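These notes are about the structure you will find just below.
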Amino acid sequence: MRARSGQAWLILPASLVIILFMLLPLGLMAYVSILEKGLNGGVVWGSHTTEAYLSFAFERDLDDSLVLNTDYLQIFARSFGLSAITTILCLLLSLPTAFYMALQPERTRNGLIFLVTIPFWTNLLVRNYAWILLLRNGGLIDGLLRDAGLSSGSLNLLYSNTAIVLGLTYTFLPFMVLPIYASLEKLDVRLVEAAFDLGANRWQALRRVVLPLAMPGIVAGCILVFVPALGAYVTPELLGGGKSLMIGNLIQGQFGSARNWPFGAALAFALLAIVLLAMLVYLLRFRQAPAGAAP
Amino acid sequence: MAAAAIDLAGLAKTFGSGEEAVRALDQVSLAIRPNEFFTLLGPSGCGKTTLLRLIGGFEQPDAGEIRLDGQPITDLPPHRRPVNTVFQSYALFPHLSVADNVGFGLDMLGWATQQKRRRVADMLTLVRLEGYGGRRPSQLSGGQAQRVALARALAASPKVLLLDEPLSALDLKLRKEMQSELKRLQTETGITFVFVTHDQSEALSMSDRIAVMQHGRVLQVGSPREIYETPRHRFVADFIGEINLLEGELVQAPGGAALQLGEQIRLGLPPGVTRAPGRVTAAVRPERAQLVAASHGNGALPARIDQVVYAGTDTTVLLSLAGGQPFRLRIQNRTGAAELPAPGAPVGIEIPPGSLQLLED
Amino acid sequence: MRVDPANRLWRYPGIRLAALLFFAFLYLPILVLIALSFNANDQATIWTGFSGQWYGVVLGNDDILRAARNSLVVATIATLVATLAATLAALGMATGRFAGQSLIQGLIALPLVVPEIVTAVATLLLFALIGLPLGLTTVIIAHTVFCVPFAYLPIRARLEGMDRTLTEAAGDLYANPWQSFRRVTLPLLWPGVLSGAMLAFIISLDDFVITYFVAGAGATTLPVYIFGMIRIGITPEVNAISALMLVVSIAVVSLSYLTARLRQDPSTSPATLTGHETRTGEPT
């Protein structure tokens, strides 16, 4: 077909929408993060400072000297910790499931993929709300355990780090299963059969052949879970009850009650930087298709 | 001779640029006659499909001209050319019924509904698919889809029909059937067919004339008989059928030109050889050579039988010549034919003068 | 991987149970929520009997209806604009190679990559800078942006799966480029466009974080309203409205999934059912 690059203008509307309302705002956000905050919210245009980034770890003393303040660092640490645990939980749940899906006949797998994706398309609030119903004192889990005599009194499951991890795991599970499944699906069965032929039992074949070849999918899944978990807002807000803060809540707070836009923008920019870094690392490491992927 | 239906003059086409440039066509000139079944034959990558796409208007040549009935059409887009194509994948529109597929071109040409309907019915009859008009392409077998593609391409009575390896997706039995079907359609409609294939037996059995292509060039044009019996190039000889190549010295002997092999052997060449004496390659088809006794004398090549392969209608004898190079010989299996010597036995190969063909490289 | 599940080699004990638990984990909360939405009691989590009364209460709540209407307005406009832009972009990307193509591909995928909260902050800052008052307009703009990639992906997939020789065949059969687009490309692309539009619609309808940042006082959408309700307390009313949203999402996504697969499934070939001698009528 003749390349009719004259029709390339068709990409203009979509590109403009994203450049004007996504790329430009992100640039603006980066800029705002180095501005001085206004007295009653907002920013002082033209007045540049690194104050916002300094306040990640320091605060101003009365005499304007910098003093170490670990309040925010604790929130960062909690965010990274909870996201890491979430990622590991998702991985443990997803690996056997993805492998099970890959072993099914065509029709079954398509059905299972659909079942995995459905929760992704449902409302985030509703999904988290369902966990409130399950976890709250007097809720389903609490009640069942009490009825079974396994616990006395209230478990206080809700509004805890446990609740946040459960909610995050539930929210991001599809992001882990699908990439792993995708890389397993591409796997050439003959490679595994070759492993069997060379004397590996099925668990050795799984560990020595299947898992290494599924690595790009596993890493992609981990990034796809860890990164958005780090920026989660709804889950810690609803299931953490406001007392277990994560970065997302901290950012939101800067545009709500705290009215510190530069700090909020700096936090958001740091989050964005982590995303871009993760993607870059992934691309550099896994750009080439691994040997053994079927054509 | 009538004016050419299609005249191709100096066509060149290069894909890509710089290091990755691929010369798909290199100064191709051809004249395809009216009502002719013309075949472009060659291995994949020889440029035959590119040539077809240039005629169809799907690609633009870098240089050269295409004329249809004497009119230049080089710069016309596909929809302005009275030329239709049967695509290798058939390219039937999956969202339209068979009848709407066949009528698509007529629609675009603005035919009236009544006329169009009649024509579509006629075309379906022509390809023996009466009553299939309401079907969807997905409900057709491979052979039926092939016929619909033919009907669709023939509906507007194009001046030329282009066929891009249309039989390659069919199994052997269906392919044989469609070969005679295509031949019948071509005769009945009187439309010029330009047929692309890499299958030499298909080309030999269907074509009025064949152009053999390699590396973007046309090596030889001729009737199937000419192409098979008097190949001019080593590649043509090799690509079509089986052949034995003999390298030797062209000499002028008292009885006319001859091929000198080594000291002893001298084989007569067909009359009319005008080449200057020197190293040449000559070719002989396996069925043209004859097996004779080892003691036959000067005119025969001494050889030794390596293997005898029985294949029903004929038997192939694999031999080694004195210099060690292989030679292949084919004998019809007739009733009461003499028993062949056992492998290892010394024999002679006789090559009648008219069977030896001098090759250009 | 294509294996015969009956083959003994591929039997991994325990894996089936693990998958079963996985899907239970995925669907149990949803099922519990839907069940509790039919609870007769006014205690949100203690089952006393079946009743649809809370749906009545929800549908009689003017604030909820107003929020729902806002949501529908936003989702409809954002979907229309995003789908149009995405369709054009997919067509533009398919018309041959040009410089910067992968850059454009990355640009279109950008809203999928950037965390929602970051997008929310950035968009809010933009509106603040240009002085656009927060309201339905700002919500619609923000939604349009993140709807584009969701609409784009199914359309692009459909275009990529399309046989290119079909448009060549149309040209060969005397269709000019516009006729070829209208009569061949568009009808074949249509399921992809519909599927993309439905995905964009549901993503817009469900969005909370970005909306929460850029919606002014008068532009409360359904998710923003529900968020407010949940923060006040767990009530059977929240159960009912949540269950409703859940069902709408699942219905639209299923529909989108089925639409995208339209006419791509050659397994049902009636040719084998009706036999070759069947005479179908001539076209009318």
- Message: Given (1) more than 15 Å from residue C:235 (Cα to Cα); (2) free of Cβ contacts under 8 Å to residues at least 60 places away in the same chain; (3) not assigned by TED's automatic domain parsing to the domain that holds residue C:217; (4) not charged (D, E, K, R), identify the lone condition not met by residue C:65.
- Response: (3)
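Quick one: how many residues across the range B:274-287 are under 17 Å from residue B:258 (Cβ atoms) and without any contact (Cβ under 8 Å) to a residue 60 or more places away in the chain?
At the first step, the residues of the range B:274-287 found to be under 17 Å from residue B:258 (Cβ atoms) are B:274-284.
Restricting the remaining residues to those that are without any contact (Cβ under 8 Å) to a residue 60 or more places away in the chain gives B:274, B:276-279.
Adding up the residues that qualify gives 5.
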- What pairs come up if the first residue lies in the range C:13-37 and is more than 9 Å from chain A (Cβ to nearest Cβ) and within 20 Å of residue A:127 (Cα to Cα), the second is polar (S, T, N, Q) and surrounded by 13 or more Cβ atoms within 10 Å (Cβ to Cβ), and their beta carbons are under 6 Å apart, counting only those six or more places apart or on different chains? C:37/C:239
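Here's a check for you: in the range B:270-284, which residue that is more than 9 Å from residue B:245 (Cα to Cα) and modelled with pLDDT of 80 or more is surrounded by the most Cβ atoms within 10 Å (Cβ to Cβ)?
If we filter the range B:270-284 for residues that are more than 9 Å from residue B:245 (Cα to Cα), which is where we start, we get B:270-280.
Cutting the leftovers down to modelled with pLDDT of 80 or more gives us B:277-280.
Numbers: B:277: 11, B:278: 8, B:279: 8, B:280: 22.
Only one residue tops the list, namely B:280.
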- Go through the range C:106-161 and count every residue that is more than 11 Å from every other protein chain (Cβ to nearest Cβ), in a helix (DSSP H, G or I), farther than 25 Å from residue C:192 by Cβ and touching a helix residue (DSSP H, G or I) at 6+ places or on another chain (Cβ under 7 Å). 2
- Message: Checking the structure you have, find out if any residue of the range B:19-38 is of a type in the set (Ser, Thr, Tyr), part of a loop (DSSP other than H, G, I, E, B) and out of contact with any Ser or Thr (no Cβ under 8 Å at 6 or more places or on another chain).
- Response: no
- Query: Among the residues of the range B:178-211, how many are in contact with a Gly (Cβ under 7 Å, 6 or more places away or on another chain) and under 18 Å from residue B:145 (Cβ atoms)?
  - Reply: 1
- Filter result (part of a helix (DSSP H, G or I) and touching a residue at least 12 places away in the same chain (Cβ under 8 Å)) within the range B:175-192: B:175, B:177, B:178, B:179, B:181, B:182, B:183, B:185, B:186, B:188, B:189
- Message: It is to be established whether one or more residues within the range C:224-238 are among the small types (Gly, Ala, Ser) and either within 14 Å of chain B (Cβ to nearest Cβ) or over 18 Å from residue C:138 (Cβ atoms) (or both).
- Response: yes
- Query: Just checking, which of C:173, C:246 is crowded, with 20+ Cβ neighbours inside 10 Å, facing another protein chain (nearest Cβ under 9 Å) and more than 30 Å from residue B:81 (Cβ to Cβ)?
  - Reply: C:246
- Query: Just to be sure, is residue A:113 under 19 Å from residue C:246 (Cα atoms), within 9 Å of another protein chain (Cβ to nearest Cβ) and either out of contact with any Phe, Trp or Tyr (no Cβ under 9 Å at 6 or more places or on another chain) or buried (at least 17 other Cβ atoms within 10 Å of the Cβ) (or both)?
  - Reply: no
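Taking strands (runs of 3 or more DSSP E) that do not extend beyond the range B:288-361, which have at least 3 residues that are under 22 Å from residue B:237 (Cα atoms) and either of a type in the set (Lys, Arg) or touching a residue at least 40 places away in the same chain (Cβ under 8 Å) (or both)? Spell out how you get there, then give the answer.
Details: elements: B:290-293, B:300-311, B:314-321, B:326-332, B:346-350, B:357-359.
Qualifying strands (runs of 3 or more DSSP E): B:326-332, B:357-359.
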- Message: Can you find, within the range C:81-103, the residue that is nearest to residue C:163 (Cα to Cα) among those that are part of a helix (DSSP H, G or I) and without any contact (Cβ under 8 Å) to a residue 40 or more places away in the chain?
- Response: C:92
- Task: Scan the range A:118-152 for residues that are among the hydroxyl-bearing types (Ser, Thr, Tyr) and either at pLDDT 75 or above or within 20 Å of the chain's Cα centre (by Cα) (or both) and report the count.
- Result: 2
- Restricted to the range A:95-110, and to residues that are within 7 Å of chain C (Cβ to nearest Cβ) and among the hydroxyl-bearing types (Ser, Thr, Tyr), which residue is surrounded by the most Cβ atoms within 10 Å (Cβ to Cβ)? A:97
- Query: residue C:73 is checked against (1) at pLDDT 95 or above; (2) not assigned by TED's automatic domain parsing to the domain that holds residue C:233 and fails just one. What number does that condition carry?
  - Reply: (2)
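The values are calculated or read from the model by the stated rules, or taken from the named source; none is laboratory data. All values derive from a computational prediction rather than experimental measurement. Glycine also receives a Cβ, built like all others from the backbone with ideal geometry; neighbour counts cover every protein chain displayed.
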